[in-house]
Amino acid sequence: MKSQQLKLGLHRKNRRVWLDNRVLLKGAGFQVGFKYDVKYCHLSRVIFLTLDAEGARKVAKKNETDPIIDLNSTKVGWALGDCSEILVEYNQGIIEISPIEEKERSIHELASAFKTFEDKA
């Protein structure tokens, strides 16, 4: 499993998740033109993207080979609540998007700083 921390955007008064990391998306199987479904879970505060040949959505493209997933609706805010940052976890065929709370963000920032320190040592 790979993950990344992103800022939750705002577009036309709705919360927006913009995924464009080619390596992570392709690594999880989300190729340009592939279909997928979205499940918004308010109680667990998570959004699931699942590859599905009969899915209602299609992975868009930045250019011929670079995939983009753009979620922009009231459902994003409804599911993730009032957060400023999200954690995106990439697994084969599934992407999980969840809010990073203030406490969690501090832990992620410390871990990231420690990793940077280790890399330099």
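The values are calculated or read from the model by the stated rules, or taken from the named source; none is laboratory data. Computed from a predicted model, the values in this text were never measured in an experiment. Cβ sites come from the backbone with ideal geometry, for glycine too, and all protein chains shown count toward neighbours.
In segment 73-86, of all residues being more than 10 Å from Glu101 (Cβ to Cβ) and of a type outside the set (S, T, N, Q), the one that is surrounded by the most Cβ atoms within 10 Å (Cβ to Cβ) corresponds to Ala79. When restricted to residues that are more than 21 Å from Ser3 (Cβ to Cβ) and out of contact with any helix residue (DSSP H, G or I) (no Cβ under 9 Å at 6 or more places or on another chain), segment 38-67 contains 12. Reported count of residues in segment 27-48, each being basic (Lys, Arg) and either crowded, with 20+ Cβ neighbours inside 10 Å or at pLDDT below 95 (or both), is 1.
Among the residues of segment 49-66, the ones that are free of Cβ contacts under 8 Å to residues at least 24 places away in the same chain and surrounded by 12 or more Cβ atoms within 10 Å (Cβ to Cβ) come to 3 in all.
It is to be established whether one or more residues within segment 86-96 are in contact with a strand residue (DSSP E or B) (Cβ under 8 Å, 6 or more places away or on another chain), among the aromatic types (Phe, Trp, Tyr) and modelled with pLDDT of 95 or more. Yes, segment 86-96 contains at least one residue that is in contact with a strand residue (DSSP E or B) (Cβ under 8 Å, 6 or more places away or on another chain), among the aromatic types (Phe, Trp, Tyr) and modelled with pLDDT of 95 or more.
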